[in-house]
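Asks: After the structure tokens below, expect a handful of questions from me.
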Amino acid sequence: MKRIMLCALIGATGMTLTACKDKPPFNQIPDFIRGDINQASYDGITDDLLTAGLGASGLASTPAPAFTDPLNPTAAELRRLAIYNNYRALVDTVPGGGYGTFFGPQVGASGEGLIPGDEFIAYMSVPGTGVPVTVMAQVPDSFDPDQPCMITAPSSGSRGIYGAIGTAGEWGLKKGCAVVYTDKGTGTGSHNLATNTAQRIDGTLTSSDEPVQFRADLTDEQRATFDSNWPDRFAYKHAHSKANPEADWGLHVLQSIEFGFYVLNEKFGRELGNGETLLTITPKNTVVIASSVSNGGGSSVRAAEQDTRGLIDGVAVSEPNVNPTVDRSFTIRQGDGPVITEHSRSLLDYTTALAVYQGCANQAPAIRDTAPLNAVFNPPAIGENICNSLANKGLVTGATLDARATDALRILNEEFGIQPEQNLLAPVHFGLAVAPSISMTYANTYGRAGVEDRVCELSLSATDTAGAVTQLAPTVEAALFSASNGIPPSAGVNIVYDDADGQPTNLPASASPSSNQLDYGLDALLCLRSLAQGSDAISGTDLEGSDAELATAIAEGIAEVRASGDLQGKPTVFVTGRADAILPINHTSRPYFGLNQRVEGKKSNLRYYEILNAHHLDVLNGFAGVADRYVPLHHYYFQALDLVWANLTEKQALPPSQVVRTVPRGDIATPLAEANLPAINPAPDAADRIVFADDQVQIPE
């Protein structure tokens, strides 16, 4: 047996692979790869795949790693900070919250958990758009070509290529598996329209005509005109690519797997006899688990549905953003609570509702003083202004603030299917601009709008302390690849309401023209709501002209991302927190489970585990008031991966769908213990089982 020679051009900073001839499938550069494949090796001492040389303690420590020259960070420095920020954005690293005990690089590993190996990064293309998608494969030195395995790690949210490093990345690398990542056509991908500056694949900035992650589809003349009218604005890849990348998220994951097989065969391919017969690492001899969390989890689910080549063996995802095909032939019910018939609303539908009503609902007596961090993130005066504006428009009822806020909360709970368990965390998410940012980005992307369209008079720019548009500091822009989550407000780039009373203003500090008071730019949020529902959010009348055309385009874009529910019998585990206030469970995991039962019936291998006292953003568990009430969903995500792995490699049965009854620790000073985190039960009591019966998804209380 002899090692295959890589067809390669050796460079000073690494290796650039070029195409080799006469190789069978999975040992050829896939035809969707654009340009060079950049390869780097990490020794696991000075640098590594998982922690960028920081180790477990470095990931948990502050301050963040710094640049030697803040105006000109190196690619290695940008990578290190990107891994640091992306890890900490999804995982609670505060002592006592489970880091270093139940999860973390050092758990089940020696020392600081540094993992040596090779990293391969490239651009890939998808049909119908010229906007590149980033793909990466990490191969740890512990990878065993005789027992190959691969884990997919599409980024969560709108994050870049390292957006799943601390979730699927950690589990897969520690298992000795290759991990394949994609930014899903989202990622940082920012384009400074004033300077024409954008990020190369390694995050460094350029204004020259060379491959970059994203530039808006504008000629130089069009860009100059736009900048003259709307100076210092940015275009972002997810919002402004005109590609609706979510429609292809499943394809992105499947392509990342194919790229992973190519990389593995370049490293480990073998020849027999005279070298004419090449044995390859193939889907038939490799365990492949499609995985990740949130948007990344939804991407892997879509990939499993679309897998026609047998690339994927199993699926393990956490809090997946799935938009199930609407099937109202079944209902959802939790305990003896109300029967949910209007489930499976789209992400844009329920998120624009949260954007419009949550600012007022934050002041409802039921949650005003009990929701953690509510007063910190949501000034009561602005909440009252929002309530007054909604009342003046006839959208909430009541003569007092308490009555109006209570009605806003009722609308969200009763009309939009937001579970009461999600009420306590919704205020902090609104204070962090989660719903407005999702509403703005997804209205643009579903409608395939460009930055020049300024949908609902919204744009993206840095703002000063008064909320006015300003230039982004050069040092901040230099770090965008590492600091941005790809969906402003993030890393110094904010949502600007161009039609705000007075002047273009940072959205949270905006006064609507219709109210002349600070109400979080409610007019802009109502515009987004109108586009989502396809009619005027205030009057209910049909939209006209360009608004009607955009609403139709948005509806078509949403239809393109609907999930089929057909997992083709693949063993699959969903874990979702009941208190998820970003992706409400009555529109995501619960109806997907029901749809899958409708589509696959007895052939279904999907298991759904709903975790009590768990929510979407574990990083918030590092704060008092949140840590007291909630446990890390991340812990159960790793259990999901363990269960699917055991099913695929040892034929262990997946436990039945169930509610997992965790025990909050009650005080941030009390470390989490095993008693707080009961394992998913292989034989749950009947009272804990989630079942599909009598045309209903039945969830125990």
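The values are calculated or read from the model by the stated rules, or taken from the named source; none is laboratory data. Quick caveat: nothing in here was measured; it's all calculated off a predicted structure. We place every Cβ from the backbone using ideal geometry, glycine too, and count neighbours over all the protein chains shown. Just so you know, the surface numbers come from the protein's heavy atoms only, side chains and all, with ligands and any DNA or RNA stripped out. Shrake-Rupley method; radii C 1.70, N 1.55, O 1.52, S 1.80 Å.
Asks: Return yes when Gln358 is open to solvent by less than 60 Å² (accessible area, probe 1.4 Å), assigned to a helix (DSSP H, G or I) and within 29 Å of Asp536 (Cα to Cα) and no when it is not. Steps first, answer last, please.
Replies: Values: open to solvent by less than 60 Å² (accessible area, probe 1.4 Å): yes; assigned to a helix (DSSP H, G or I): yes; within 29 Å of Asp536 (Cα to Cα): yes.
Criteria met by Gln358.
Asks: Quick one: which of Ala303, Ala366 is farther than 13 Å from Phe416 by Cβ and either buried (at least 22 other Cβ atoms within 10 Å of the Cβ) or among the polar types (S, T, N, Q) (or both)? Before you say what the answer is, go through the steps one by one.
Replies: Working: Ala366 fails: either buried (at least 22 other Cβ atoms within 10 Å of the Cβ) or among the polar types (S, T, N, Q) (or both).
The match here is Ala303.
Asks: Report whether or not Leu526 is out of contact with any Asp or Glu (no Cβ under 6 Å at 6 or more places or on another chain), touching a residue at least 12 places away in the same chain (Cβ under 8 Å), within 23 Å of Asn388 (Cβ to Cβ) and open to solvent by less than 50 Å² (accessible area, probe 1.4 Å). Full working, then the answer.
Replies: Numbers: out of contact with any Asp or Glu (no Cβ under 6 Å at 6 or more places or on another chain): yes; touching a residue at least 12 places away in the same chain (Cβ under 8 Å): yes; within 23 Å of Asn388 (Cβ to Cβ): yes; open to solvent by less than 50 Å² (accessible area, probe 1.4 Å): yes.
Taking the combined requirement at face value, the residue satisfies it.
Asks: Looking only at the range 51-65, which residues are in contact with a strand residue (DSSP E or B) (Cβ under 9 Å, 6 or more places away or on another chain) and either closer than 19 Å to Ser484 by Cβ or among the hydrophobic types (A, V, I, L, M, F, W, C) (or both)?
Replies: Those that are in contact with a strand residue (DSSP E or B) (Cβ under 9 Å, 6 or more places away or on another chain) and either closer than 19 Å to Ser484 by Cβ or among the hydrophobic types (A, V, I, L, M, F, W, C) (or both): Ala52, Ala56, Leu59, Ala60.
Asks: Hey, another quick one. With the requirement that a residue be basic (Lys, Arg) and in contact with a Gly (Cβ under 7 Å, 6 or more places away or on another chain), what does the range 229-265 give you?
Replies: Scanning the range 229-265 gives Lys237, Lys242.
Asks: Could you identify the single residue in Ala153, Ala82, Ala137, Ala122 that is modelled with pLDDT of 95 or more and in a helix (DSSP H, G or I)?
Replies: The conditions single out Ala82.
Asks: While we're on this one: Out of Ser546, Ser539, which single residue is part of a loop (DSSP other than H, G, I, E, B), open to solvent by 10 Å² or more (accessible area, probe 1.4 Å) and without any contact (Cβ under 8 Å) to a residue 12 or more places away in the chain?
Replies: Ser539
Asks: Just wondering, is there one or more residues in the range 66-86 that are surrounded by 15 or more Cβ atoms within 10 Å (Cβ to Cβ), more than 22 Å from Asn485 (Cα to Cα) and over 24 Å from the mean Cα position of the chain (by Cα)?
Replies: No, the range 66-86 has no match at all.
Asks: Which one is most open to solvent (accessible area, probe 1.4 Å) among residues in the range 426-468 that are of a type in the set (Gly, Ala, Ser), under 20 Å from the mean Cα position of the chain (by Cα) and under 16 Å from Pro489 (Cα atoms)?
Replies: Looking at the filtered set, the residue picked out is Gly431.
Asks: Then there's this: Tell me which of these Gly625 doesn't satisfy, since it passes every other one: (1) open to solvent by 10 Å² or more (accessible area, probe 1.4 Å); (2) under 17 Å from Val575 (Cβ atoms); (3) in contact (Cβ under 8 Å) with a residue 12 or more places away in the chain.
Replies: Every listed condition holds for Gly625 apart from (2).
Asks: While we're on this one: Within the range 556-608, count every residue that is in contact with a helix residue (DSSP H, G or I) (Cβ under 7 Å, 6 or more places away or on another chain), free of Cβ contacts under 8 Å to residues at least 60 places away in the same chain and open to solvent by 20 Å² or more (accessible area, probe 1.4 Å).
Replies: 1
Asks: Taking only the range 558-567 into account, find how many residues are assigned to a helix (DSSP H, G or I) and either in contact with a strand residue (DSSP E or B) (Cβ under 6 Å, 6 or more places away or on another chain) or closer than 17 Å to Asp453 by Cα (or both).
Replies: Going through the range 558-567 one residue at a time, the tally reaches 1.
Every residue, every condition in (1) of a type in the set (A, V, I, L, M); (2) at pLDDT 95 or above; (3) assigned to a helix (DSSP H, G or I), yes or no:
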{"residue": "Asp227", "(1), (2), (3)": "no, yes, yes"}
{"residue": "His238", "(1), (2), (3)": "no, yes, yes"}
{"residue": "Leu254", "(1), (2), (3)": "yes, yes, yes"}
{"residue": "Phe259", "(1), (2), (3)": "no, yes, yes"}
{"residue": "Asn265", "(1), (2), (3)": "no, no, yes"}
{"residue": "Asn274", "(1), (2), (3)": "no, no, no"}
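Asks: Here is a further query. Suppose we keep only residues that are among the small types (Gly, Ala, Ser) and in contact with a Phe, Trp or Tyr (Cβ under 6 Å, 6 or more places away or on another chain) within the range 135-163. Which one would you say is surrounded by the most Cβ atoms within 10 Å (Cβ to Cβ)?
Replies: Start the filter on the range 135-163 by keeping residues that are among the small types (Gly, Ala, Ser), which leaves 137, 142, 153, 155-158, 160, 163.
Now drop any that are not in contact with a Phe, Trp or Tyr (Cβ under 6 Å, 6 or more places away or on another chain), which leaves 137, 153.
Values: Ala137: 26, Ala153: 34.
Once the filter is applied, the top-ranked residue is Ala153.
Asks: Could you tell me whether the range 381-392 includes any residue that is of a type in the set (A, V, I, L, M) and closer than 25 Å to Asn621 by Cα?
Replies: No, there is no match, as no residue in the range 381-392 is of a type in the set (A, V, I, L, M) and closer than 25 Å to Asn621 by Cα.
Asks: Another question, then. Mind listing whichever residues of the range 27-53 are buried (at least 23 other Cβ atoms within 10 Å of the Cβ) and of a type in the set (Asp, Glu)?
Replies: Within the range 27-53, just Asp48 meets the criteria.
Asks: Every residue in the range 645-658 that is open to solvent by less than 20 Å² (accessible area, probe 1.4 Å) and under 21 Å from Asp688 (Cα atoms), please.
Replies: Matches in the range 645-658: Leu654, Pro655, Ser657, Gln658.
Asks: Output the residue which, of all residues in the range 125-134 that are assigned to a strand (DSSP E or B) and of a type outside the set (Val, Ile, Thr), is least open to solvent (accessible area, probe 1.4 Å).
Replies: Filtering first and then ranking leaves Pro132.
A quick yes/no check of all residues on (1) over 27 Å from Asp327 (Cβ atoms); (2) of a type in the set (D, E, K, R); (3) open to solvent by less than 10 Å² (accessible area, probe 1.4 Å); (4) part of a loop (DSSP other than H, G, I, E, B):
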{"residue": "Tyr350", "(1), (2), (3), (4)": "no, no, yes, no"}
{"residue": "Ala375", "(1), (2), (3), (4)": "yes, no, no, no"}
{"residue": "Asn385", "(1), (2), (3), (4)": "yes, no, no, no"}
{"residue": "Gly394", "(1), (2), (3), (4)": "yes, no, no, yes"}
{"residue": "Asp402", "(1), (2), (3), (4)": "yes, yes, no, no"}
